[in-house]
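Read through the structure below, which is laid out as structure tokens, and then see the notes.
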Amino acid sequence: MTAQTITLSLISHTNVGKTTLARTLLYKDIGEVADRAHVTDISEAYELTRTSKGEVLQLYDTPGFGDTPRLWKHLERANTPLLGFLSEVWDRFTDRPLWCSQQAMFNVREHADVVLYLVNASEEPETAGYVEKEMKILQWLDKPIMVLLNQMGSPKQSSVEEDEVNRWRHHFRSISNDTRVIAFDAFARCWVQEGILWKEIVELLPAKQRPLMENCIVSLNERNKGRFQKAMSHLGSALGKIFCDREALQGQGFFDTLLSKGSAEEKAVSLLKERTEETLRKALTDIVHEYELPGEAKREISKEADINTEKTANKSKWAIGGGMLSGALSGLAADLAAGGMTFGGGMMLGAILGAGGSALLASGINTIKGKHEDYVEWSSEKADHFVRGAMLYYLAVAHYGRGRGEWRETKEPKFWNDTVKRATSRLHKDIETVVNRTRQTRDVNGHAIRTILSKATRDTLLTLYPNASIER
Ligand SMILES: Nc1nc2c(ncn2[C@@H]2O[C@H](COP(=O)(O)OP(=O)(O)O)[C@@H](O)[C@H]2O)c(=O)[nH]1
Ligand SMILES: [Mg+2]
């Protein structure tokens, strides 16, 4: 360790989620994770960032405290509790809890500039008796302590989350008056929360180390900003491509329609939709990988969307006779939209493509009588449904801690939906204008859409995390 390094030590009771959180922060599969005690039995350092000047922020994943009542009794008996305990020899295999506790304490004493003490927030503060004793031990080691609440469950509205954090703050105040506590879930954390943690750490460090930490933060922010911009770029260009896409209507005889072979519009819509699905799926997989998550946007979800196409086709059949395809689609969309885009029965891609909330259906189709040919394209009128779907998907990926394993689509909290909807409603007219311009200028890379999508997403993240700051 050099003077150019700041060291954070992840400490907790065993099995709370240190290694999982380390993976989430490092965007790497380090160590071993399992739902049992003392899986990690030696401390290991990993680089969180290295600046161009060689300054390093490093994170130690450590073995957890174990058998805290016995450990505590042991410490109480000794005259100089820490020295006594740390100089004793514990067997790594036959007395794993005390060996691991000792390793964790060595690590803090020798290396830590700041201790990140992780707590399982799915327990009640009052019943997690080991917390108080472990905090006391850490206080003897005399390093600044930051408490992180892990296992918070799925993301919550900021006011609800704040109430929960306050309960723990209150509890920690009885141990030490100035303990800092923030929510930091290993499974469902968002990268913007990292900024909140780094700011807290600056304040905990001695003044002479702060400039070094500030430089490391610049480097960490660059990485997060880069990922955000790339994700917006993948989604923006997908939307650009989708809105510039059109499918020509092929001529069709009266008997084809009579024999239910499908109208020219239906065929064209189906082809357009297929390409749209593929474009979206690819962009969604790209953002999953941008966040260094294993896995991809799955095919099955597209199948789910296909079922809806089926329904659409049936529903629209009578209307096509009257030459009102887009009207039929919008009518159905209105029914679906009335319930809002809930994720009750659907998955993320499904939400964009048709299941549950139906952005595609809601977006509607324009049948255009062109100069040379007739064609269908997505209507710009409700383009914000697409934008909303893309934002919801982005939120899901940005909250998917890598420690959780391979990317899977999950039901997402309803308040995201409401927050995203508010952000896109405010920009409704602008989105429509941008989409129309995208078409006129054949902006297939979606530059203009990306700008408005980034704005709406940034606004949403700041609504979800009012304490965060996001650089432009
Ligand atoms: N639900 C949930 N489970 C978690 C979270 N973090 C860790 N876990 C689980 O808790 C268990 C212990 O995790 P691990 O990282 O090995 O804990 P460690 O002993 O503190 O390093 C594993 O089964 C993890 O999947 C979290 O934020 N939420
Ligand atoms: Mg571990």
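Each value in this text was obtained by applying a stated rule to the coordinates, not by laboratory testing. What you see is a predicted model; the values in this text were computed from it and never measured. Cβ coordinates were reconstructed from backbone atoms using ideal geometry, including for glycine residues, and neighbour counts include every protein chain displayed.
Things worth noting here:
- Evaluated over the range 375-430, the count of Lys pairs having alpha-carbon atoms less than 19 Å apart is 4 (only pairs 8 or more residues apart or interchain).
- Converting phi to 3J(HN,Hα) with the Karplus coefficients 6.51, -1.76 and 1.60 and the offset θ = phi - 60°, the range 89-98 yields 9, 10, 7, 4, 9, 8, 10, 4, x, 7 Hz in sequence order, with x at every glycine or proline.
- Cross-linked pairs 225/282; 241/273; 156/199; 143/208; 267/369; 241/282: Cα-Cα separations exceed 19 Å for 225/282; 156/199.
- For the range 5-189, the C-alpha radius of gyration sits at 1.01 times the compact-globule guess of 2.2 N^0.38 Å, with N the residue count.
- Couplings for the range 152-163, taken from phi via the Karplus curve 6.51 cos²θ - 1.76 cosθ + 1.60 with θ = phi - 60°, read 7, x, 5, x, 10, 4, 4, 5, 5, 5, 4, 4 Hz in order; Gly and Pro are left as x.
- For the range 20-25, 3J(HN,Hα) computed residue by residue from phi via the Karplus equation (6.51, -1.76, 1.60; θ = phi - 60°) reads 4, 5, 4, 4, 4, 6 Hz, glycine and proline entered as x.
- Summed side-chain charge close to residue 221 - residues other than residue 221 whose Cβ falls under 10 Å, Lys, Arg +1, Asp, Glu -1: -1
- At an R0 of 35 angstrom, the distance between the Cβ atoms of residue 157 and residue 44 translates into a FRET efficiency of 0.45.
- Under 5 Å, built H, 5+ apart or other chain: amide partners of residue 151: 121, 186, 187
- Listed by chain and number, the aspartates and glutamates placed with their C-alpha closer than 14 angstrom to that of residue 136 are 76, 178; residues fewer than eight positions away on the same chain are left out.
- For the range 1-100: rounded, prolate or oblate by the Cα gyration tensor [a/c cutoff 1.5]: oblate
- Full extension of the chain between residue 34 and residue 271 gives 80.7 nm of extra length, using 0.36 nm per residue less the Cα-Cα distance.
- Efficiency of FRET from Cβ geometry, residue 106 and residue 132, R₀ 22 Å, rounded to 0.05: 0.50
- Amide hydrogen neighbours beyond the local backbone of residue 60, cut-off 5 Å, H modeled: 8, 9, 10, 46
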